[in-house]
Amino acid sequence: MSTRDLVLSALFAAIIVALGLLPPIMLGFIPVPITAQSMGVMLAGVILGAKRGTIAVLLVLLLAAIGLPVLSGGRGGLAVFAAPTTGFLIGWVFAAFVTGYLSERFVKNSQGAMLQTAGFFAAAVAGGVVVLYAFGISYLAVVSGLGLTKAFVGSMAFIPGDLVKAAVAALAGRAVMVGYPLLPARA
Amino acid sequence: MRSLYVEGDSRLHRLSPRIKLILLIVVSLALFLTRSPIMLGGAAFAGALLYGSLGMGWREGWLRLRPILLTIAVVALATLMLNTVEEGVVVLLRLTTLMLVAAAVTATTPVGSFIGEISSAARPFERIGLVRADDIGLAVGLVIRFVPEVVSRYEILRQAHRARGLKLRPMTVIVPLTIQTLKSADEIAAAIDARGIRGHKPPSRS
């Protein structure tokens, strides 16, 4: 791994941590504030691609594990991995990887703006919603003994918010790609 | 950013981090092997005693665990209502104990010891070329160094919005924040290489 890739991953990890410290930002059209940290995971994949995005997310979790309050709401320490929602934290790693991998495949420089944004959105939904919830719900089902169906129903309330985050991540990902392209091209 | 380590000289403070982490794994496995509410209740009590003996004060100790305890309580309540009362109690006691023991390890182990432990655990992977163990500490240091920087960049963006009478929107905050931050990567990487911090071996492919 080149020094530049290492630094990019570390800087993005710092952005994800900072997104957890900042006050929630209001979207224009719905009166719900969005907490930006879980969007940072999708952004990592969309902006940095699979490898560097995954490392950025791993760094955030590593910082939390070694006792730094880097997760939103000032959470940190090994205790955060004892919650029933730990599967979502573990899922972050795979969410960033899948989002990044698919972004590298779907989005090409030759495409128009709409198509690029759509590609990023599809990647963010596949990674940041489908893969993330697969991990989160399976873990919740096992740890709580609720079973998959009930765990799924209980988690559904959060899916609309995450779809909105995927849309914002797609728009932001394309804007960053235009301003400062970093996504590795894949044939 | 202040770490969750608490100064002290308890027995747990003096134990080596490696042993603490191994004990934590053993405790978590043991907690999932038993389903007896009495045994889990005893374990939760012991966990609370352990956590309480670290000398960080009630308020601090409670504030740290409150968000995690809240999710555990919500899920335990759901289990209790949707399945059986016993299952709900088992979930509550099991996860609460695990949380207490994990928080005790965090409170008694300084960040530096954790990094040392992780780096030495990564050495075998270094030999097969998967990671460079010293990169882990370097990357962690970089993140800690740059979080305040990102926050102050956000503050500048917020003031710029205010000065122009604009509301903060995700797009108008995240995009400039990300581009500004990531643009400094080349300079930082050059500074790291110029100082030979990662050794003078030629960088690996990719």
Per the 1.4 Å probe, what fraction of the accessible area of the protein assembly as shown, in percent, lies on carbon and sulfur atoms?
69
Just to be sure I understand the model, the point goes 7 Å from the Cα along the line to the Cβ. What's the resulting A:Ile159 to B:Ser28 distance in nm?
2.8
So how exposed is A:Phe135, as accessible area in Å² (1.4 Å probe, rounded to 10)?
80
Provide the per-residue ³J(HN,Hα) series for segment B:47-56, in order, calculated from phi with Karplus coefficients 6.51, -1.76, 1.60 and θ = phi - 60°, each as a whole number of Hz, with x at glycine and proline positions.
x, 5, 4, 4, 5, x, 8, 8, x, 10
Just from its helices, what would the mean residue ellipticity at 222 nm be for chain A, if runs of 4 or more DSSP H residues each count -39500 (n - 2.57) and the sum is divided by every residue, rounded to the nearest 500 deg cm²/dmol?
-21500 deg cm²/dmol
I'd like the residues of segment B:1-40 whose 1.4 Å-probe accessible area shrinks by no less than 50 Å² going from the isolated chain to the full set of protein chains.
B:Met1, B:Leu4
Once ligands and nucleic acids are excluded and a 1.4 Å probe is used, how much of B:Glu155 is accessible, expressed in Å² to the nearest 10?
70
List of segment B:166-183 residues, accessible area with partners at least 50 Å² below that of the chain alone (1.4 Å probe):
B:Pro170, B:Met171, B:Ile174, B:Thr178, B:Ile179, B:Leu182
Note down the nm distance, to one decimal, between modelled labels 7 Å out along Cα→Cβ at B:Leu166 and at B:Met1.
2.8
Return the value, in Å² to the nearest 100, of accessible area buried between chains B and A (probe 1.4 Å, both sides summed).
5300
How would A:Met114, B:Met39 rank on accessible area, largest to smallest, probe 1.4 Å?
A:Met114, B:Met39
Provide the per-residue ³J(HN,Hα) series for segment B:21-38, in order, calculated from phi with Karplus coefficients 6.51, -1.76, 1.60 and θ = phi - 60°, each as a whole number of Hz, with x at glycine and proline positions.
5, 5, 4, 4, 5, 4, 4, 5, 5, 4, 5, 8, 8, 9, 10, 7, x, 5
Sort the following peptides by mean Cβ neighbour count (other Cβ atoms within 10 Å, averaged over residues), highest first: A:46-55, B:137-146, A:65-74, B:164-173.
A:46-55, A:65-74, B:137-146, B:164-173
Highest mean packing first, using Cβ neighbours within 10 angstrom, the peptides B:41-49, A:36-44 sort as A:36-44, B:41-49
For the protein assembly as shown, the per residue accessible area (1.4 Å probe, Å²) is 47
Could you pull out every one of the lysines with an alpha carbon less than 21 Å from that of B:Lys167, ignoring same-chain neighbours closer than 8 positions?
A:Lys165
Inter-chain shielding metric for B:130-136, i.e. average beta-carbon neighbours from other chains within 10 angstrom, reads 2
Rounded, prolate or oblate: which one fits chain B, using the alpha carbon gyration tensor with axes a ≥ b ≥ c (rounded when a/c is under 1.5, else prolate when a/b beats b/c, else oblate)?
oblate
Taking 0.36 nm per intervening residue step and subtracting the Cα-Cα distance, what contour gain separates B:Ser36 from B:Arg123 on full extension?
27.3 nm
With the full set of protein chains present, the residues of segment A:35-68 whose 1.4 Å probe accessible area falls by 30 Å² or more relative to the chain alone are A:Leu59, A:Leu62, A:Leu63, A:Ile66, A:Gly67, A:Leu68
Evaluate peptide A:168-181: per residue, the Cβ atoms of other protein chains within 10 Å of its Cβ; return the mean as an integer.
4
Span-rule helices in chain A, defined as complete DSSP H runs reaching 15 Å or more along the axis (Cα) with Kyte mean at least 0.5
A:3-21, A:37-48, A:50-65, A:86-106, A:113-125, A:132-144, A:159-179
What is the average number of partner chain Cβ atoms found within 10 Å of a Cβ in B:142-155?
6
Acute angle (nearest 10 degrees) that the helix B:111-127 long axis makes with the longest principal axis of chain B, alpha-carbon atoms:
80
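The values are calculated or read from the model by the stated rules, or taken from the named source; none is laboratory data. The structure presented is a predicted model; accordingly, all values stated were derived computationally and were not measured. We place every Cβ from the backbone using ideal geometry, glycine too, and count neighbours over all the protein chains shown. In case anyone asks, the SASA skips ligands and DNA or RNA and just uses the protein heavy atoms, side chains included. Shrake-Rupley method; radii C 1.70, N 1.55, O 1.52, S 1.80 Å.
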